[in-house]
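The values are calculated or read from the model by the stated rules, or taken from the named source; none is laboratory data. If you're wondering where the values come from, they're calculated on a predicted model, not measured in any experiment. FYI the Cβ positions are ideal-geometry reconstructions off the backbone, even for glycines, and counts take in every protein chain you see. When the accessible area is computed, the model is the full protein with side chains, heavy atoms only, and any ligands, DNA or RNA have been set aside. Shrake-Rupley method; radii C 1.70, N 1.55, O 1.52, S 1.80 Å.
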Amino acid sequence: MPSFRNGRRQVARLTALAVGATLITVGVTQQAFAADLPTGARSLQSVNVAGHYLRHADYLGSIAAVTAGSSAQARSDATFTVTPGLAGGTGCVSFQAANGMWLRHRDYQLWLDPSTTNPTTFAEDSSFRVVTPWIAGRRRPVIKGLYADPNIAHLNGRYYIYPTTDGYEGWSGSRFKAFSSADLVTWTDHGTILDLGPHVSWADDRAWAPTIAYRNGRYYFYFSAAANIGVATSTSPTGPFTDPLGRPLVPAGLRSGQMIDPHVFTDTDGQSYLYWGNGSAYAVRLNPDMISFDPAQIRTFGLPNFREAPFVFKRGSTYYLTYSVDDTRSENYHVEYATGTTPFGPWTHRGTILAKNLSLGIKGPAHQSIVKAPDSDTWYIAYHRFAVPAGNGTNREVTIDQMWFNTDGTIRPVAPTL
Ligand code: FUB
C-alpha cells in the first residue's frame, strides 16, 4: 500500500469534491438544501483531477488515481459512506470509511480516525457542510427526478429540455413537461405543457421522446404517443400546447417499425426536416406550415446498428446524424453517429461517441440531443442514463456533458461524468 504521508500541499488541494449528484465544497458558509444531501456509499471524485478520488492510506487522506483495475484495497479505500454530519445541523455530512473510521481534519490535513480520537473536537473535525461550490460545476442529474429522452434546444435566449417523464412500468407516462435554464446548471421546472388525457384526442399513454422547433412566432412540439407521432403548437416554448390536427402527424403503421422518437432539424436555409424511427430511420421535408409533409417523399437510411432516436445537427457544412443503438433497457444502450453533406446524407458511419462507464456506475447513456452555445463553437450533449445508482430502463435520469470535435470534424468520444 503506498504511503500518502507527503505533507499538506497535496491534501490541501481537496477543496471541492463531487459526491454523487452533489458538488461539495468544504469551508463555505451557505448551506445546500437538505434534499441535496447524498447518502450511502460513495466515491468522491476530484472535480479538477480526472480519475482521482479521495482515498485514505496509512490513515492519511489524499486524492489518488483509482480505476476499475485498482486493487480491492484501493477501491475500498476510495469508498466512503456519506452520513448525516456527526456535528449535526442541516446540510452537514460526515464520511465513514469501510474500516469504520471517519474522515476528519487534523492540523489542516485530512485523516482517518476512530471516533475515540480527541472526543471534544471529533464531531466537528469530522463534519463538513454541503454548500454552494466555489467553482462552476454541474449538479447531476441536471433535472432532479426520473426523466429520459431529453431534447435540448436554445430558444429565445434560454436553454430548454423537453424530456419523457420516466418511472412508469412499460413507459406508460402520459404527460410532457418542460425545463429551462440560462446556464445549463440551474433549471426551472415549467410543469406540464401537454397532457395526453385532456389535450390529445387520439392517444392516452406512452408519452415519449418529444422535440421542439420554432418558426414564424410559433413553437412546434412533436411527440410520440402510443407509438404515433403528433404535433402541438403554442406561442410560448412552455405552452400551453394545443393539437391543431386532431390526429397523428405520423400514424402508427405508416412505415415499418414504431413511429416514435421525432426530431426536427432546421437547416440554415430555413427548411425544416422531420426525422424519426425505431428499427428504421426516416426523414422527410416538413411543409412550411410545420404540421404536414408529403408522405411520398419520406426517405429511409441504412445506418449501421440504428435502433432509434435520430438527432441531426449541422456544424460548418457537415451534417451529423446521431442515433441510439441497442435497447434502452440494456446497459449497452449507446450513441453512434454518421456524417453527411446534405440533411438526407449520404451518411458515412463514424462510430460510437457515448457509451457506458461501469467504473462510474454509468449505464445505458443514450437518447441524445445536442445544442451549441450561442455565438460559440461550444457544444453540449444531453442524454439519459440509468438513474445512478439503482435505475434501469424505465427509471432513467437526464444529464449533460460537453462534446468536443477533432480538427477533422469528427466527434471525440464523450466522457460521461457523474
Ligand atoms: O422513453 C421511451 C423510449 O425509450 C424512447 O422512445 C426510446 O428512444 C427509448 O429511450
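Candidates in region 28-68 are the residues that are modelled with pLDDT of 75 or more and open to solvent by 70 Å² or more (accessible area, probe 1.4 Å); of these, the one that is nearest to ARG104 (Cα to Cα) is TYR59. Listed by first and then second residue, the pairs linking a residue in region 263-285 that is closer than 22 Å to PRO251 by Cβ and free of Cβ contacts under 8 Å to residues at least 24 places away in the same chain to a residue that is surrounded by fewer than 17 Cβ atoms within 10 Å (Cβ to Cβ) and of a type outside the set (Phe, Trp, Tyr), with Cβ atoms under 6 Å apart and 6 or more places separating them unless they lie on different chains, are VAL284/GLN297; VAL284/ILE298. Within region 380-390, being out of contact with any Pro (no Cβ under 7 Å at 6 or more places or on another chain) and either within 13 Å of the ligand (Cβ to nearest atom) or farther than 20 Å from VAL142 by Cα (or both) holds for one residue alone: PHE386. Do we have PRO251 as farther than 14 Å from PHE344 by Cα and surrounded by fewer than 19 Cβ atoms within 10 Å (Cβ to Cβ) here? Answer is yes for this residue. With ASP166, ASP195 as the choices, which residue is within 18 Å of ILE260 (Cβ to Cβ) and either open to solvent by less than 30 Å² (accessible area, probe 1.4 Å) or within 14 Å of the ligand (Cβ to nearest atom) (or both)? It is ASP166.
The residues listed here are PHE311, PHE293, PHE344; of these, the one that is of a type in the set (Phe, Trp, Tyr) and within 14 Å of the ligand (Cβ to nearest atom) is PHE311. ARG206 passes every criterion in (1) within 24 Å of the chain's Cα centre (by Cα); (2) open to solvent by less than 60 Å² (accessible area, probe 1.4 Å); (3) closer than 30 Å to GLU169 by Cβ; (4) not aromatic (Phe, Trp, Tyr) apart from (2).
The rows are residues; the columns are (1) surrounded by fewer than 14 Cβ atoms within 10 Å (Cβ to Cβ); (2) in contact (Cβ under 8 Å) with a residue 24 or more places away in the chain; (3) not hydroxyl-bearing (Ser, Thr, Tyr); (4) not assigned by TED's automatic domain parsing to the domain that holds SER43.
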position	(1), (2), (3), (4)
THR352	no, yes, no, yes
GLY364	no, yes, yes, yes
HIS367	no, yes, yes, yes
LYS372	no, yes, yes, yes
THR378	yes, yes, no, yes
PRO389	yes, yes, yes, yes
VAL398	no, yes, yes, yes
THR410	no, yes, no, yes
PRO416	no, yes, yes, yes
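Looking across GLY409, GLY351, GLY393, GLY364, one residue alone is within 16 Å of the ligand (Cβ to nearest atom), at positive phi and out of contact with any His (no Cβ under 6 Å at 6 or more places or on another chain). It is GLY364.
Scan region 396-406 for residues that are more than 16 Å from the ligand (Cβ to nearest atom) and in a strand (DSSP E or B) and jot them down.
ILE400, ASP401, GLN402, MET403, PHE405
Looking only at region 209-248, which residues are on the phi > 0 side of the Ramachandran plot and surrounded by fewer than 15 Cβ atoms within 10 Å (Cβ to Cβ)? Within region 209-248, ASN216, GLY217, GLY246 qualify. Within the set LEU184, LEU155, the sole residue that is among the aliphatic types (A, V, I, L, M), in contact with a Ser or Thr (Cβ under 9 Å, 6 or more places away or on another chain) and in the same structural domain as LEU274 (by TED's automatic domain parsing) turns out to be LEU155. Close Cβ contacts (under 8 Å, 6 or more residues apart or on different chains) running from residues in region 68-86 that are over 25 Å from THR121 (Cα atoms) to residues that are open to solvent by 40 Å² or more (accessible area, probe 1.4 Å) and hydrophobic (A, V, I, L, M, F, W, C) comprise ALA68/LEU358; GLN73/MET1; SER76/ALA98. The residues listed here are THR348, THR322, THR318; of these, the one that is surrounded by 22 or more Cβ atoms within 10 Å (Cβ to Cβ), among the β-branched types (Val, Ile, Thr) and farther than 30 Å from THR79 by Cβ is THR322. One residue stands out in region 325-341 among those that are among the aliphatic types (A, V, I, L, M) and within 16 Å of the ligand (Cβ to nearest atom): the one that is surrounded by the fewest Cβ atoms within 10 Å (Cβ to Cβ), namely VAL325. Within region 190-221, the residues that satisfy the criterion of being under 23 Å from PRO295 (Cα atoms) and out of contact with any Phe, Trp or Tyr (no Cβ under 8 Å at 6 or more places or on another chain) are VAL200, SER201, TRP202, ALA203, ARG215. The set of residues in region 263-279 being part of a loop (DSSP other than H, G, I, E, B), open to solvent by 10 Å² or more (accessible area, probe 1.4 Å) and under 19 Å from ALA226 (Cα atoms) consists of GLY279 alone.
Of all the listed residues (THR83, THR90), the sole one being within 31 Å of the chain's Cα centre (by Cα), in a loop (DSSP other than H, G, I, E, B) and modelled with pLDDT under 85 is THR90.
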